[in-house]
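The values are calculated or read from the model by the stated rules, or taken from the named source; none is laboratory data. Quantities reported herein were computed from a predicted structural model and do not represent experimental measurements. Because the Cβ atoms are built from the backbone with ideal geometry, glycine has one as well, and the counts that use them run over all protein chains shown. Accessible surface is based on the protein model in full, side chains and every heavy atom, while ligands, DNA and RNA are left aside. Shrake-Rupley method; radii C 1.70, N 1.55, O 1.52, S 1.80 Å.
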Amino acid sequence: MGKERGEASMKNIFKVVLLFVVGFGFLIYLTIPSNIKEDKNQKELEFKNLPAFFDVVNGNNYTKKDDFFKKFPLYLIVLNHDSLAVFSELHKKNINENIVLVANISNTPWLIKQIAVNGELEKMFKDSKINLINDSSGSFSSSLDLNNNSQNEYFVYKIFEDGKITKLFQNSVKKGALQNGISKDDIENELEKFLKDFKEYLNKE
């Protein structure tokens with residue numbers, strides 16, 4: 001009888017210890033910063049996975065990737081809707097880095113893209129000395145594992161000479177900037193905010 005009680009007691013202790021270990025592990029997982037969890041799940045980004053052909057708004061309309069991307073490293077800035085109105089003025093800043101912009105307009109209905117958006121992009125970036133890729137299909141965003149379509153966000157990536165791609169940072173601009181318009185002062189402030197973050201990353205290298 002005493003032996004059975006002893007075995008039952010040991011089983012209860014084992015259950016308590018097991019529950020404690022499982023609960024403690026779950027608690028650790030819940031307290032891990034979200035960015036670390038995302039990094040674990042994020043797939044490796046590489047140049048070879050970018051679309052082989054794409055449209056360049058202020059250049060050759062249909063361009064081959066290997067003919068277009070020749071100088072590395074380079075910085076790729078993916079622009080959701082509102083950020084397009086801000087970054088159309090980026091070429092006026094004194095930036096010596098190799099930058100390419102990507103217009104993420106994949107969520108816009110096809111007919112509106114054809115009638116309004118594509119023409120508006122050409123008008124906004126006609127004087128820009130920084131190339132703008134029209135990602136109307138969402139293929140660029142997909143190859144960068146980017147699922148964030150918030151209308152006022154932008155995302156900055158670096159493409160290295162070995163073909164690896166790293167996301168540097170993301171930020172947002174004034175909401176409604178594209179549809180409702182944005183003042184010159186607000187554009188200036190938004191670009192200064194971007195340049196501050198961008199230079200911080202350059203100084204770390």
Hits in region 43-100 (condition: over 21 Å from the mean Cα position of the chain (by Cα) and among the hydroxyl-bearing types (Ser, Thr, Tyr)): 62, 63
Region 140-153 - residue that is among the small types (Gly, Ala, Ser) and open to solvent by 20 Å² or more (accessible area, probe 1.4 Å) and, of those, farthest from residue 182 (Cα to Cα): 142
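Residues of region 19-54 being modelled with pLDDT of 90 or more and of a type in the set (D, E, K, R), which ones? Please lay out each step first, then the result.
Going through region 19-54, the residues modelled with pLDDT of 90 or more turn out to be 45-54.
Within region 19-54, 46, 48 meet the criteria.
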Step by step: first the residues of region 122-139, then only those that are in a helix (DSSP H, G or I) and under 20 Å from residue 93 (Cβ atoms), then the one that is least open to solvent (accessible area, probe 1.4 Å). Which residue is that? 125
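Condition check ((1) of a type in the set (Phe, Trp, Tyr); (2) crowded, with 18+ Cβ neighbours inside 10 Å; (3) within 23 Å of residue 104 (Cβ to Cβ)) across all residues:
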| position | (1), (2), (3) |
| --- | --- |
| 155 | yes, yes, yes |
| 163 | no, no, yes |
| 177 | no, yes, yes |
| 180 | no, no, yes |
| 187 | no, yes, yes |
| 195 | no, no, yes |
| 203 | no, no, no |
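For region 165-174, enumerate the residues that are under 15 Å from residue 196 (Cα atoms) and either surrounded by 14 or more Cβ atoms within 10 Å (Cβ to Cβ) or of a type outside the set (A, V, I, L, M, F, W, C) (or both). Please lay out each step first, then the result.
Taking region 165-174 and keeping what is under 15 Å from residue 196 (Cα atoms), we get 168-173.
Hits for region 165-174 are 168, 170, 171, 172, 173.
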Being under 22 Å from residue 92 (Cα atoms), at pLDDT 95 or above and touching a strand residue (DSSP E or B) at 6+ places or on another chain (Cβ under 9 Å) is the requirement here; does residue 158 meet it? yes
Across region 131-185, what is the total count of residues that are without any contact (Cβ under 8 Å) to a residue 60 or more places away in the chain and acidic (Asp, Glu)? 2
